[in-house]
1. Please compute the length gained on full extension between residue 75 and residue 45, using 0.36 nm multiplied by the number of residues separating them and subtracting their Cα-Cα distance.
2. For the chain, what does the helix formula give at 222 nm: sum of -39500 (n - 2.57) over DSSP H segments with n ≥ 4, over the residue count, nearest 500 deg cm²/dmol?
3. Would you work out which of 138, 318, 273 lies farthest towards the positive end of the dipole of the chain? Charges go on Cβ: Lys and Arg +1, Asp and Glu -1.
4. Under the rule a/c < 1.5 gives rounded, and otherwise a/b versus b/c splits prolate from oblate, where does segment 98-226 land using the Cα gyration tensor?
5. With label points built 7 Å along Cα→Cβ from the Cα atoms of residue 246 and residue 286, find their separation and express it in nm.
6. Within a 10 angstrom radius of the beta carbon, how do 263, 7 rank from fewest other beta carbons to most?
7. Search the structure for amide H atoms under 5 Å from the amide H of residue 114, placed 1.01 Å from N in the peptide plane, and list their residues when 5 or more places away or on another chain.
8. Would you please give the residues with an amide H less than 5 Å from that of residue 87, counting only those at least 5 places away or on a separate chain, with H modeled from the backbone geometry?
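Any read-out appearing in this document is the output of simple, stated calculations on the displayed coordinates, not a laboratory observation. Everything numeric in this text was worked out from a predicted model, so none of it was measured. Methodologically, a virtual Cβ is constructed for each residue, glycine included, from the backbone with ideal geometry; neighbour enumeration extends over all protein chains shown.
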Amino acid sequence: MEIADIVLEVKKEIESFRKKNPDGVVIIWWATATGKSKLSILLSEYFDEEIISADSRQIFRYMDIGTDKVPNDILKKIPHHQINIVNPDETYTSGQRKNDVYKIIPDILARKRLPMIVGGTWLYIDTVYKNFSMPDIPPDIKLRDELFAKEEKEPWILHKELMKLDPEEASKLHPKSTRYIVRALEIYYKSGQKKTDTFISQPPQRPLLMLWLRREKEDTNKKINARVREMMKWWLVEEVKWLLKKWYTKNLQSMQWIGYKEVIEFLEGKYDYDEMEDRIKITTHQLAKKQRSRFRRYIAEGLQSPRTNVTYKVRKLS
């Protein structure tokens, strides 16, 4: 069963949900290459919807191919939010994301349209699903640069540092999750508080329909491989060259994303074209595995202790 085969079933589920919850929000989630964006676009034939991207990479302007953004003709046809909102050398925290999304949702509802959150960045989805209270601590670029430089000089040193200051948060993060570790350390250094003490889960502000698109690992990996091949045809290498010419240096957080990092290393002569493509596939497989692992907690909650005001649905794909 593919995306086109489940559209009418999902349509009925959304209609039933909206009848009971006219102020509700639909969230379509699971790992990369599942078909979330395709489903949201097909559903636009039946709903006056506006899509809120829950992809932490698609916030960056000019980074289109490597982030697999929805084509411009679709963006013009269906309103999308949280896409192309910052430049590659700018920062955008989860706190900023939450503040923005909590303004966007009521605006969409005021237009009598359906808010639909679509993506695979669990932290972004958590801002609505978990409704975390978040510290109002803006990014400190100088501190971040110092921490990233420290990590580059001695890998995993920041994770060890966080383990001493906030062991509960450190235990949730892989030592290579430098971006998240830096943010946790930034919160501690700027406020004196642990991230675990400031990020407190609360009931969702509005009714949620959590739609899980389940695709098995083997099938997902096939989809990923096909997507990477398409990205190469769509001139991913040329996109990276253009970004570098615009002085978006390779050390930027955005340029360390999957696809961009490997292309930069290819351009530096670290490996050949075929190896670059293989490395992009492998790292994307690893990302999908991490996403599945993190999202399984949603599934467990839905089965064992469903959250108030949340409707859980699953659609299996093959």
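1. Details: separation 30, 0.36 × 30 = 10.80 nm, distance 1.46 nm.
Contour length minus Cα-Cα distance gives 9.3 nm.
2. On the way: 14 runs with 170 residues, N = 318.
Helix-only estimate at 222 nm: -16500 deg cm²/dmol.
3. Projecting each Cα onto the dipole axis, the largest value belongs to 318.
4. Values: a/c = 2.22, a/b = 1.37, b/c = 1.62.
Because a/c hits 1.5 or more and a/b fails to exceed b/c, segment 98-226 counts as oblate.
5. According to this spin-label approximation, the distance is 2.7 nm.
6. Details: 263 27, 7 17.
Listing 263, 7 from fewest to most nearby Cβ atoms yields 7, 263.
7. Distant-sequence amide H within range of residue 114: 48, 49, 50.
8. 61
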